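All remarks here apply to the structure that follows.
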Amino acid sequence: MTKEWIDGLTQEAKTKQWKKKVRGLGYDPQPCVSCTTFNILAPIYKRLDEEDQSCRESQYRANWLTRNQRIIDRLLADHSSIICLQEVWLGNDELVDMYEKRLGDENYMSFKLARTNNRGDGLLTAVHRDNFRVLNYRELLFNDFGDRVAQLLHVESVVPFWQNQKRNIQQQSLIVNTHLLFPHDYSLCIVRLKQVYKILQYIESYQKENKLGPMPIILCGDWNGSKRGHVYKILRSQGFVSSYDTAHQYTDSDADAHKWVSHRNHRGNICGVDFIWLLNPNNYRKPLKTSWNEAVFGIIKNLLRAASLSEDNAFALLKGDSPGDYITYSSFCQALCQLGLLRHPDGLSSQETEDLWIQADIDGNGVMNYEEFQQRIWNPKSSEQPEENFEQVNNARKTKSGPVKKAFGFSVKDAVLFPPEMEKGMWPENYSLSDHAPLTVVFSPVRVPCTQLVC
């Protein structure tokens, strides 16, 4: 398939090609499930006149009704097993009824969750009854600066993915839909990290509370941050993989950071912010607190570098008026305050600051010397999990407890953005469904060696 051939396609032909990929046509005959995430741009936020910021689509029923009908047409044509939508105008009963009726007529079960403080929009997750049954549904209210929320669905496959002589085995999964805060300024990076941390914490507690066995976890949504951000890094350090990047064999390197886009924001910038994250039971995971601290250290370093400080000057700032050539807890807190990270209520809490300090003081002698500053802040080792850890953990488990147990997971068969130009890092000017692109991923169930303790 040459570039010239693709560029010569009409828009209709491009759409057909995209739908063919979404439906998994041409793959080996085996059960596949698909997932779509799409920020559909709430009419209360869609500007119709750049000069008149008060002119919004919500004021013109014909406009928002037509656009949302087209969005639903596309979603139904793609026929995904799971649909995760953000910025659904939940404050408008007519629009909500339209989504619920049309999705319901196509055998979807829908769950909606409004943002707190009556912000007007929220989330909607739809699960196709032919593919999954919903075992449990939970709502996460962050009650934070951005009034953000998340949905968690515990689902089970309707059709067995694996059969043996004794029993049929249904695949259980956890699905999360969310929409993180937009980073209007750098001080909000901590808020965004807290939102992700709360989601990961809740997943851990839900699994323990319900004594769940190993299962894949899929996180969908508008993460409002690119592959170069700290949200991306903390999820990678927890073993999650970006399904789109996995399908296209893109790495975490800066060279691959802008290969695709999915959003044109209100500042006119285009970037890739919509992700479907996958965590399989065989993925190595760091302790969540460790990943959090490493992410915050990364934010501290970025703020120091943004202030054009060299390594020595950055250490001097953190050292403050300390009498020796080291950083004390008091001077550390003063520096964090200067950097805007202790601003309340959206900054680091006292407990979070203390936990950060405990990890920074590697030898536990009550101060952070230059070497510890380098290791923790200025030149830390990569926080992402090394691939070789998978095999090492498996070998260790075999030695201790015999053969490694098998669990179910998903392999990424394909992942596509629409329109196709998004996959080339371009934003087509004639695209009008939203200021985001829908992302659809096709998964295939697989059996994987389980490295989680719950095995």
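No value in this document is a laboratory result; all are computed from the given coordinates. None of the values given here were measured: they were computed from a predicted structure. So basically every Cβ, Gly included, is an ideal-geometry build from the backbone, and we count neighbours across all protein chains shown.
Below is a table of values for the structure above.
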read-out	value
Per-residue ³J(HN,Hα) for the range 308-319, Karplus 6.51 cos²θ - 1.76 cosθ + 1.60, θ = phi - 60°, Hz, x for Gly and Pro	6, 8, 6, 4, 5, 5, 5, 5, 5, 5, 5, 6
Long-range amide H partners of F132 with built H, under 5 Å	V158
Cα shape, the range 60-168, gyration tensor, a/c 1.5 rule	oblate
Interchain or long-range residues, amide H under 5 Å from Q172's placed H	S157
Sum of side-chain charges, F332 neighbourhood, beta-carbon under 15 Å (Lys, Arg +1; Asp, Glu -1)	-4
Sorted by Cβ density within 10 Å, fewest first, the residues V446, V196, V159	V159, V446, V196
Listed residue pairs exceeding 32 Å between alpha carbons, taken from K46/K208; K46/K233; K211/K381; K194/K381	K46/K208; K211/K381
Other-chain or far-sequence residues with amide H under 5 Å of N369's (modelled H)	I327
Eligible aspartates and glutamates near K259 by straight Cα distance, threshold 15 Å, same-chain separation 8 or greater	D245, D274, E421, E423
Neighbour-count ranking [beta-carbon atoms within 10 angstrom, fewest first] of M215, M98	M98, M215
Listed peptides 204-210, 138-144, 243-249, 121-127 by packing density, highest first (mean Cβ within 10 Å)	121-127, 243-249, 138-144, 204-210
Computed P(r) (all Cα pairs; the range 236-288; 10 Å bins; percent)	22, 45, 27, 6, 0
Using θ = phi - 60° and Karplus 6.51 cos²θ - 1.76 cosθ + 1.60, couplings along the range 416-431 (whole Hz; Gly, Pro as x)	9, 10, 10, x, x, 4, 4, 6, 9, x, 10, 10, x, 5, 8, 7
Residue-by-residue Karplus 3J(HN,Hα) for the range 143-151, coefficients 6.51, -1.76, 1.60, Hz, glycine and proline x	6, 10, 4, x, 6, 8, 9, 8, 10
Mean projection area, nm², convex hull over Cα of the range 292-378	5.1
